[in-house]
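Student: Could you have a look at this structure, given as structure tokens, before my questions?
The values are calculated or read from the model by the stated rules, or taken from the named source; none is laboratory data. None of the values given here were measured: they were computed from a predicted structure. Glycine gets a Cβ as well: all are built from the backbone with ideal geometry, and neighbour counts include every protein chain shown.
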Amino acid sequence: MVNRLGLAWLLAGALGAQPVARHSPEWLRDGVIYEVNTRTFSAAGNFRGVTEQLPRLKELGVNILWLMPVHPVGRERSKGTLGSPYAVRDYFAINPDYGTAEDLRRLVTEAHRGGFKVIIDIVANHTAWDSVMMKTPAFYKHDAAGKIISPVPDWADVAGLDYGNPELRTYMTRMLVYWIREFDLDGFRCDVAGMVPTDFWEHARAELEKVKPAIMMLAEWHSPDLVAKAFDLDYSWPLHSKMTDVFENGTAPAADLRKEWDEERRVYPKGALHLRFSDNHDEKRAIARFGERGALAASALMFTLDGVPMLYNGMEVGDTTESGAPALFERLPVFWQIGERRPEFAEFYRMLIPLRRAHAALRQGETEWLGNSDPDRVVTYVRRGGGEEFLVAINCSNRGYGGRLQVAGSDWKEETHSKSGGSVAELQLAAWEFRIFHRVY
């Protein structure tokens with residue numbers, strides 16, 4: 001979302017002191033997040049449909065499951081046939097379409113048994129118009145005439161909450177604690193987190209850690225102040241936008257990806273984590289925006305950069321079923337069978353996720369960007385740590401590349417199965433091709 005720099009970070013930068021981000025659990029720093037839209041993930045469209053696929057997800061290599069909102073959906077002023085899952089009617093209840101509290105507990109228990117962590121979506125900025133909280137109008141924002149209003153004019157299906165009310169803060173903190181305590185969850189993904197005051201999140205985090213210390217908090221926003229005390233990571237929205245300019249629109253050179261990454265490093269606390277993604281429920285599918293080969297190249301970028309990568313359900317088979325509005329308000333199940341037509345997607349993730357999880361250099365290593373002879377179309381960088389390093393080269397265009405790469409040494413072993421040939425120094429890349437090389441030093 002919008003980049004909103006806190007005054008504290010600007011002052012710290014002026015004084016030459018870089019704040020330090022909170023230290024996140026190692027399982028998060030080493031993790032791969034998988035976003036589940038319960039409504040569309042399985043034929044059943046419920047928690048049991050997710051539980052049944054846990055063995056497949058384990059084999060895929062993801063280890064953190066994010067469930068989109070599990071709460072009842074509002075009907076008043078709702079959008080589409082089913083309404084948005086982000087228009088919550090009752091924060092303390094479960095959408096009956098997904099099952100019961102026991103179904104969710106079983107899902108979490110089985111996931112934990114399989115080595116997964118589980119987080120759920122929390123929509124703390126607004127509710128549905130028929131929310132149970134409407135019994136307390138003082139919880140909401142009002143216009144000059146005293147009418148409850150939406151947080152943003154075109155979000156007509158939801159009503160904005162007023163965090164100037166201390167009683168609302170107490171209610172929402174109690175709600176967050178309830179889900180951790182009652183369902184043994186491992187944290188939350190927090191929708192439009194920057195539209196809720198940072199000091200609320202910081203207080204809520206402190207209360208949550210009294211119940212379960214090693215939780216994670218993901219902010220759907222992009223702002224340095226959020227990752228100081230409240231959140232473990234946020235969305236790398238600017239990098240995602242720049243990736244779209246490079247891969248889909250061709251309106252920016254590939255070198256701008258590095259510039260965006262550098263800017264992120266400059267303004268954020270030292271050690272800050274970011275969610276790396278090329279697809280999610282708010283966007284058109286990556287495969288629709290970038291094409292099949294472009295979507296894989298974009299995933300190669302997101303899975304080899306620093307930060308925590310994310311898969312949105314269906315990406316692993318090359319699914320093209322739409323997920324953003326208006327599809328967000330309907331039931332359009334993932335078409336899993338498309339994987340038979342696009343086997344390269346399954347092959348890609350079977351190669352890249354285990355590679356990342358097996359090597360600390362790809363998960364938590366340093367990143368060094370390398371020069372090449374066509375920076376308008378190609379990005380090249382090294383991930384280094386633990387006595388080894390990986391060289392990543394990605395062609396962000398639909399034209400082949402052959403040129404020099406500014407890298408030392410010749411003892412590189414290729415991890416990808418390229419047919420392009422050529423050495424690391426004299427690199428060859430087909431259109432949209434990525435190549436990964438490894439060496440021990």
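Student: Looking only at helices (runs of 4 or more DSSP H) that lie completely in the range 166-246, which have at least 1 residues being closer than 30 Å to ARG258 by Cα?
Tutor: 198-211, 237-244
Student: Which of the numbered conditions does LEU332 fail, given that it passes all the others? Conditions: (1) aliphatic (A, V, I, L, M); (2) under 28 Å from THR251 (Cα atoms); (3) outside any helix (DSSP H, G or I).
Tutor: (2)
Student: Also, I was wondering about something else. Consider VAL334 carefully, then state whether it is in contact with a Gly (Cβ under 8 Å, 6 or more places away or on another chain), within 19 Å of TRP221 (Cα to Cα) and not hydroxyl-bearing (Ser, Thr, Tyr).
Tutor: no
Student: For the range 212-223, give me the residue count where each residue is in contact with an Asp or Glu (Cβ under 9 Å, 6 or more places away or on another chain) and either over 12 Å from ALA193 (Cβ atoms) or not aliphatic (A, V, I, L, M) (or both).
Tutor: 8
Student: Among the residues of the range 236-256, write down those that are of a type in the set (A, V, I, L, M) and out of contact with any Asp or Glu (no Cβ under 8 Å at 6 or more places or on another chain).
Tutor: MET243
So that you can scan it fast, the table gives a plain yes or no per residue for (1) assigned by TED's automatic domain parsing to the domain that holds ASN63; (2) touching a helix residue (DSSP H, G or I) at 6+ places or on another chain (Cβ under 6 Å); (3) not acidic (Asp, Glu):
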position: ALA145; (1), (2), (3): yes, no, yes
position: GLY160; (1), (2), (3): yes, no, yes
position: GLU167; (1), (2), (3): yes, no, no
position: THR170; (1), (2), (3): yes, no, yes
position: GLY187; (1), (2), (3): yes, no, yes
position: PHE200; (1), (2), (3): yes, yes, yes
position: HIS203; (1), (2), (3): yes, no, yes
position: ALA206; (1), (2), (3): yes, no, yes
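Student: From the set of residues in the range 211-230 that are over 29 Å from ALA297 (Cα atoms) and either free of Cβ contacts under 8 Å to residues at least 12 places away in the same chain or in contact with a strand residue (DSSP E or B) (Cβ under 6 Å, 6 or more places away or on another chain) (or both), which is surrounded by the fewest Cβ atoms within 10 Å (Cβ to Cβ)?
Tutor: The extreme case among them is PRO213.
Student: While we're here: So how many residues does the range 27-50 have that are surrounded by fewer than 19 Cβ atoms within 10 Å (Cβ to Cβ) and either more than 17 Å from the chain's Cα centre (by Cα) or not assigned by TED's automatic domain parsing to the domain that holds GLY187 (or both)?
Tutor: Number satisfying all stated conditions: 4.
Student: Moving on to the next point. So ASN372 clears everything in (1) surrounded by fewer than 18 Cβ atoms within 10 Å (Cβ to Cβ); (2) closer than 19 Å to ASP262 by Cα except one condition, right? Which one?
Tutor: Unmet for ASN372, out of (1) surrounded by fewer than 18 Cβ atoms within 10 Å (Cβ to Cβ); (2) closer than 19 Å to ASP262 by Cα: (1).
Student: Which condition number in (1) in a loop (DSSP other than H, G, I, E, B); (2) among the small types (Gly, Ala, Ser); (3) buried (at least 22 other Cβ atoms within 10 Å of the Cβ) is the one that ALA159 fails?
Tutor: All conditions pass for ALA159, except number (1).
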